[in-house]
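Student: Mind looking over this structure? Questions follow.
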Amino acid sequence: MHDFTQGRIARPLTMFAVPIILGNLFMQTYNLVNAAVVGSYLGKEALSAVGAAYPIVFMLMSLVIGIASGGTVLVAQYVGARDRENVRRSVDTVYVFVFFASIVVTVAGIWLTPTIYRITNLPADVMPHAVAYLRVYLLGTIFTFVFNTISALLRGMGDSRTPLFFLIGSNVLNLVLSLLFICVFRWSVVSSAWASVISQGVACFAFYYYLWRKKSDAVMHSGKVFWSAPIFKAMLRIGLPTGLQQSFVAVGQVALSAIVNGFGTVMVAAYSAAVRIESIATIPAMNFSQALSTFVGQNIGANKMDRVHKAFGKTLIINVVISLFLAVVLVIFGKPIMTMFTSEQAVIDEGYKYLLVCGPMYFVFSLMFSFTGLFRGAGYTLVPMLVSLVSLWVIRVPIAYWFSAQIGTLGVWIAIPAGWVVGLALSVVYYKIGRWKDKRVTETIYK
């Protein structure tokens, strides 16, 4: 467990972020390999089906995961305040919420899947594969929620290493099953979804049992559940804006997908592959943001604002350096990387065009996420939500819709970094205003 309230700043912050980055890199590497296997063995329709599922899954799950993240902020601040009783109350409250929410999401998602795909104008040759794949994938919703909750709670307590091992195990099993089902048994793309459900379930049960045996505060132990209505209200107050923010982003991705879908299967496949590459390139910025949130939460809980400002400055520098390096890599090697997914030149060329437009702007994305991590750790999540709302629905989607009618999919690619630029500008304005550092959110829960 990391205690961020004393000692050095840059090294422990980096050491805390590295396991999160490695875990997500491993997970996204699996996604890349899985997409490459699906595209190579089952064709561009199957690749498009897997790619089309991602924004839908994100949309269905983002609200719940965002709300649960409010509990993680509370846990971090209670850890910083050395208040173990309320750490346990917060943990149990999060689990109760996640359990019931997962049932709702699973049922609603399976029911609405065909309707969502019809609204997004998914090509007819992709539709049957996409509907079947997503309906099976959603059966593992509860496993995904619980696994992510355990990982987030442990990070709030200062432990980012333990989730890494179970995440690696889950993805290794997932990859083995996918290769077995698709390459050996020659089953359809739906078998890839079954591989995900099985591996998520095994990892979830193993992770929870391991921590239960260790009597970790990140799981429930006694027969009595420490549900707390005041903590749940605080969790909603902190997490709901984050959940709504992620939902706006998810629905925005669906809207962008709908625009891309109108250009046919080749463009859908190119977009699917390029976004998967981008998901790896943006991992460092997103995960240093998560690490910063935990650092900020603990130090605000301990009333050490000087450490908060120093950590934020170091995070900005780290994120910019990494994102600029990755941009250079994608500009030089983007086209060879695209060949992992398909041999069709039209798909490769269009995907590379996406990387050329968005890659050089990843440093803007990384700066924006650094501010988001700072605000979330302080418990001020409403502003990041509003920033996302404006940058996505006032800038990105309208520009994508209008530009795509004029210059094709290039207009969609241009709209994405345009949203990042506006989001960063708004974040800087709120940072200068300074209301995010007014007080600890835990001080008001039982008042």
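Student: Mind listing just one residue for me: the one in region 327-347 that is modelled with pLDDT under 85 and within 11 Å of residue 277 (Cβ to Cβ) and, of those, surrounded by the most Cβ atoms within 10 Å (Cβ to Cβ)? Give the steps one after another, and end with the answer.
Tutor: Just the residues of region 327-347 that are modelled with pLDDT under 85, to begin with: 340-344.
Subset that is within 11 Å of residue 277 (Cβ to Cβ): 340-341.
On the way: 340: 16, 341: 27.
Among residues in region 327-347 that are modelled with pLDDT under 85 and within 11 Å of residue 277 (Cβ to Cβ), the one surrounded by the most Cβ atoms within 10 Å (Cβ to Cβ) is 341.
Student: Give region 117-142 a look and list any residue that's under 18 Å from residue 256 (Cβ atoms) and without any contact (Cβ under 8 Å) to a residue 12 or more places away in the chain, or say none.
Tutor: Correct list: 118 only.
Student: What residue, among those in region 388-405 that are of a type in the set (A, V, I, L, M, F, W, C) and free of Cβ contacts under 8 Å to residues at least 60 places away in the same chain, is farthest from residue 424 (Cα to Cα)?
Tutor: Pass one, region 388-405, residues of a type in the set (A, V, I, L, M, F, W, C): 389-390, 392-395, 397, 399-400, 402-403, 405.
With free of Cβ contacts under 8 Å to residues at least 60 places away in the same chain added as a condition, the list becomes 390, 394-395, 399, 402-403, 405.
On the way: 390: 11, 394: 14, 395: 13, 399: 17, 402: 23, 403: 22, 405: 27 Å.
Only one residue fits best here, namely 405.
Student: Taking residue 350 and the conditions (1) open to solvent by 20 Å² or more (accessible area, probe 1.4 Å); (2) more than 30 Å from residue 294 (Cβ to Cβ); (3) not hydrophobic (A, V, I, L, M, F, W, C); (4) not in a loop (DSSP other than H, G, I, E, B), which numbered condition does it fall short on, given that it satisfies the others?
Tutor: (1)
Student: Out of curiosity, is residue 367 assigned to a helix (DSSP H, G or I) and open to solvent by less than 40 Å² (accessible area, probe 1.4 Å)?
Tutor: Working: assigned to a helix (DSSP H, G or I): yes; open to solvent by less than 40 Å² (accessible area, probe 1.4 Å): yes.
Considered against the rule, which asks whether it is assigned to a helix (DSSP H, G or I) and open to solvent by less than 40 Å² (accessible area, probe 1.4 Å), residue 367 comes out as yes.
Student: Something else about it: Taking the condition of being under 30 Å from residue 341 (Cα atoms) and not hydrophobic (A, V, I, L, M, F, W, C), how many residues in region 43-81 meet it?
Tutor: Selection size over region 43-81: 8.
Student: Given the conditions (1) more than 19 Å from the chain's Cα centre (by Cα); (2) surrounded by 23 or more Cβ atoms within 10 Å (Cβ to Cβ), which single one is not true for residue 135?
Tutor: Unmet for residue 135, out of (1) more than 19 Å from the chain's Cα centre (by Cα); (2) surrounded by 23 or more Cβ atoms within 10 Å (Cβ to Cβ): (2).
Student: Cβ-Cβ distance below 6 Å, separation of 6 or more or different chains: which pairs start in region 229-251 with a residue that is touching a residue at least 24 places away in the same chain (Cβ under 8 Å) and end on one that is hydroxyl-bearing (Ser, Thr, Tyr) and surrounded by fewer than 21 Cβ atoms within 10 Å (Cβ to Cβ)?
Tutor: Qualifying pairs under 6 Å: 230/446.
Student: If you don't mind, another one. Scan region 65-74 and tell me whether some residue there is modelled with pLDDT under 80 and out of contact with any Leu (no Cβ under 7 Å at 6 or more places or on another chain).
Tutor: yes
Student: Return yes when residue 321 is within 20 Å of residue 435 (Cβ to Cβ), in a helix (DSSP H, G or I) and within 22 Å of the chain's Cα centre (by Cα) and no when it is not.
Tutor: Working: within 20 Å of residue 435 (Cβ to Cβ): no; in a helix (DSSP H, G or I): yes; within 22 Å of the chain's Cα centre (by Cα): yes.
No: the conditions fail for residue 321.
Student: Suppose the filter is open to solvent by less than 30 Å² (accessible area, probe 1.4 Å) and farther than 14 Å from residue 145 by Cα; does residue 107 pass it?
Tutor: Numbers: open to solvent by less than 30 Å² (accessible area, probe 1.4 Å): no; farther than 14 Å from residue 145 by Cα: yes.
So residue 107 fails the test.
Student: Given the criterion open to solvent by less than 20 Å² (accessible area, probe 1.4 Å) and in a helix (DSSP H, G or I), identify the matching residue among 40, 90.
Tutor: Being open to solvent by less than 20 Å² (accessible area, probe 1.4 Å) and in a helix (DSSP H, G or I) holds for just one of 40, 90, which is 90.
Student: Here is a further query. Within region 233-250, work out how many residues are open to solvent by less than 10 Å² (accessible area, probe 1.4 Å), hydrophobic (A, V, I, L, M, F, W, C) and farther than 19 Å from residue 396 by Cβ.
Tutor: Our first condition is that a residue be open to solvent by less than 10 Å² (accessible area, probe 1.4 Å); within region 233-250, this holds for 234-235, 238-239, 242-243, 250.
When the remaining residues are screened for being hydrophobic (A, V, I, L, M, F, W, C), the result is 234-235, 238, 250.
Next, from what is left, pick out any that are farther than 19 Å from residue 396 by Cβ: 234-235, 238.
Residues in region 233-250 being open to solvent by less than 10 Å² (accessible area, probe 1.4 Å), hydrophobic (A, V, I, L, M, F, W, C) and farther than 19 Å from residue 396 by Cβ: 3 in total.
Student: Which members of region 90-134 meet the condition of being under 23 Å from residue 243 (Cβ atoms) and either at pLDDT below 85 or in contact with a strand residue (DSSP E or B) (Cβ under 9 Å, 6 or more places away or on another chain) (or both)?
Tutor: First pass over region 90-134, keeping only residues under 23 Å from residue 243 (Cβ atoms): 90-113, 115-116, 119-120, 134.
Residue satisfying the conditions is 120 alone.
Residue-wise test of (1) outside any helix (DSSP H, G or I); (2) out of contact with any strand residue (DSSP E or B) (no Cβ under 9 Å at 6 or more places or on another chain); (3) crowded, with 17+ Cβ neighbours inside 10 Å; (4) not hydrophobic (A, V, I, L, M, F, W, C).
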{"residue": "385", "(1), (2), (3), (4)": "no, yes, yes, no"}
{"residue": "393", "(1), (2), (3), (4)": "no, yes, no, no"}
{"residue": "396", "(1), (2), (3), (4)": "no, yes, yes, yes"}
{"residue": "402", "(1), (2), (3), (4)": "no, yes, no, no"}
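Yes/no per residue for (1) surrounded by fewer than 20 Cβ atoms within 10 Å (Cβ to Cβ); (2) out of contact with any Asp or Glu (no Cβ under 9 Å at 6 or more places or on another chain); (3) of a type in the set (Gly, Ala, Ser):
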residue	(1), (2), (3)
4	no, yes, no
23	no, yes, yes
27	yes, yes, no
49	no, yes, yes
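Student: Any idea which residue in region 114-131 is least open to solvent (accessible area, probe 1.4 Å), counting only those that are in a helix (DSSP H, G or I) and either closer than 15 Å to residue 43 by Cβ or among the β-branched types (Val, Ile, Thr) (or both)? Walk me through how you get there before you give the answer.
Tutor: If we filter region 114-131 for residues that are in a helix (DSSP H, G or I), which is where we start, we get 114-119, 127-131.
With either closer than 15 Å to residue 43 by Cβ or among the β-branched types (Val, Ile, Thr) (or both) added as a condition, the list becomes 115-116, 119, 127-131.
Details: 115: 57, 116: 23, 119: 132, 127: 41, 128: 85, 129: 77, 130: 0, 131: 23 Å².
By that ranking, first place goes to 130.
Student: Looking for something polar (S, T, N, Q), over 14 Å from the mean Cα position of the chain (by Cα) and farther than 25 Å from residue 57 by Cα - is there at least one such residue anywhere in region 220-241? Outline the logic, then answer.
Tutor: Going through region 220-241, the residues polar (S, T, N, Q) turn out to be 222, 228.
Of the ones still in play, those that are also over 14 Å from the mean Cα position of the chain (by Cα) are 222, 228.
Checking which are farther than 25 Å from residue 57 by Cα leaves us with 222, 228.
Yes, because at least one residue in region 220-241 is polar (S, T, N, Q), over 14 Å from the mean Cα position of the chain (by Cα) and farther than 25 Å from residue 57 by Cα.
The values are calculated or read from the model by the stated rules, or taken from the named source; none is laboratory data. Just so you know, these numbers come straight off a predicted model, no measurement behind them. In this analysis, Cβ positions are derived from the backbone assuming ideal geometry, glycine residues included, and neighbour counts consider all displayed protein chains. The protein model used for the area step is the full one, side chains on, heavy atoms only, and it has no ligands, DNA or RNA in it. Shrake-Rupley method; radii C 1.70, N 1.55, O 1.52, S 1.80 Å.
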